[in-house]
Amino acid sequence: MRKLFFVIVMLSVTKLLVAQENNEWKTQTFFTGYFALNGEYINGLPSFEEVKGKNIGFNIGEASILSTIQPLEKLKINSVITYKPRLELSDIIAELSGEWQFTDQFLVKAGRFLLPLHPANSQYYAPMNYGVALPIFVTNHSLFPLNINGININGKFDLSDNFQLAYDFSGGQYSKMSRNEAGILGFFGRDGVYLNEDVNQVNSMITKIENTENGKYPKYFGTGGKFNFKFYNMLQLEIAAFYSQEELTKKPDPQTTYETDVDFLSYGTNVIFNYNKFNMKASAWYGNEKPEDKQHFEEYNIELYYGELSYSFDKITPYGKVEIINGRSKDWTRLTGGVNFRPLFETTFKLEYHRYLQDYVDDFDVIQISAVYSF
């Protein structure tokens, strides 16, 4: 990975020197950042309070610095350093990539970047997310990773005045897909783990997750692709898929260990509709986890449905979301309603309410507030 970044930097410097000598291009730079103060309150979920010891918290929820350097007309170097609670040091670098634009139909990016398979991934940064909590697609890495270290090829074709086709293919290394804690209290991302009235089972599951990760994040290779069909600058239909092969370890007792390779395939469709100040997003994604050792490991299917509606009244944007997971062993639903108030371009205030619904534990609520300042 370091070699890849070194190559990108060296190419940029070399091209920049040539461009300066020939007076072909003046380097352009863009620098911005933000920080967010977040508060969270979880009501009616005893298992979480008993395991974590508290159900309310307020702190710095996020801070980020973003920069774009364009040393050549066709070359951009993007970097994003983002702090979030409980992020590992290697994950603080959310993006560090260089992109060369050969034409509008063919661009090549190399480095680390957000995997562009689902529109929710773009909501990873606080100013770009209507609400406070990240969508389940981002926090539950059960269908594809958030970002990837590798190469991306993308482009677009204007087939007519009202019809555009875009493509996007990525391949590279990523950290093992897992439930990553998110938010001030560390609840989001592992929501499903706490949906159990038996505190001992919750602790056992948390221990299992921590032992699996064990401070080490194995790297696997994955590939993903997406086709985007855009109609009349209002409607987008996306078809996407991701494939990878990971490893699973099972230790039924201290003397026995089973290991197996797992083929993982996920695929789905995203629909995006924008008209005037109305915005809608809807997705249906499916995943299949197939182990080679079927004697000691089970095959799993995962389904995830996502819907989002919002309407902007200039400075105020109310919104609603529904997220449904049909997981490995249990199904659950999260309903979200909130309001985003942006009195100034640099300042945003958010209020968000979540309702969790499931059959095997009582329904409960989560309330979040946030203040975001951009510079």
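The values are calculated or read from the model by the stated rules, or taken from the named source; none is laboratory data. If you're wondering where the values come from, they're calculated on a predicted model, not measured in any experiment. Neighbour counts are summed over all protein chains in view; Cβ atoms, including those assigned to glycine, are modelled from backbone coordinates with ideal geometry.
Here is the figure for segment 184-206: residues that are closer than 22 Å to Ile325 by Cβ, without any contact (Cβ under 8 Å) to a residue 24 or more places away in the chain and polar (S, T, N, Q) total 2. Considering Asn214, Asn203, the condition of being polar (S, T, N, Q) and modelled with pLDDT under 85 is satisfied by Asn214 alone. Against the conditions (1) surrounded by fewer than 17 Cβ atoms within 10 Å (Cβ to Cβ); (2) aliphatic (A, V, I, L, M); (3) farther than 27 Å from Asn147 by Cβ, Ile92 satisfies every one except (3). If you filter segment 183-204 down to residues that are in contact with a Ser or Thr (Cβ under 6 Å, 6 or more places away or on another chain) and hydrophobic (A, V, I, L, M, F, W, C), you find that the one that is farthest from Glu49 (Cα to Cα) is Phe188. Inspection of segment 112-125 identifies at least one residue that is in contact (Cβ under 8 Å) with a residue 24 or more places away in the chain, crowded, with 16+ Cβ neighbours inside 10 Å and more than 12 Å from the chain's Cα centre (by Cα). Among residues of segment 118-164 being aliphatic (A, V, I, L, M) and touching an Asp or Glu at 6+ places or on another chain (Cβ under 8 Å), the one that is farthest from Ala282 (Cα to Cα) is Ile153. Please enumerate the residues belonging to segment 323-375 that are charged (D, E, K, R) and out of contact with any strand residue (DSSP E or B) (no Cβ under 6 Å at 6 or more places or on another chain). The answer is Lys330, Asp331, Asp359, Asp362.
Of a type in the set (Ser, Thr, Tyr) and surrounded by 17 or more Cβ atoms within 10 Å (Cβ to Cβ) - does that describe any residue in segment 148-170? Yes, there is a match, as at least one residue in segment 148-170 is of a type in the set (Ser, Thr, Tyr) and surrounded by 17 or more Cβ atoms within 10 Å (Cβ to Cβ). Taking segment 157-183 as the range and being assigned to a strand (DSSP E or B), touching a residue at least 60 places away in the same chain (Cβ under 8 Å) and closer than 20 Å to Ile239 by Cα as the test, the residues that pass are Phe163, Gln164, Leu165, Ala166, Tyr167, Asp168. Looking at segment 206-317, the strands (runs of 3 or more DSSP E) lying wholly inside it that each contain 1 or more residues that are among the polar types (S, T, N, Q), in contact with a helix residue (DSSP H, G or I) (Cβ under 8 Å, 6 or more places away or on another chain) and surrounded by fewer than 17 Cβ atoms within 10 Å (Cβ to Cβ) sit at 235-253.
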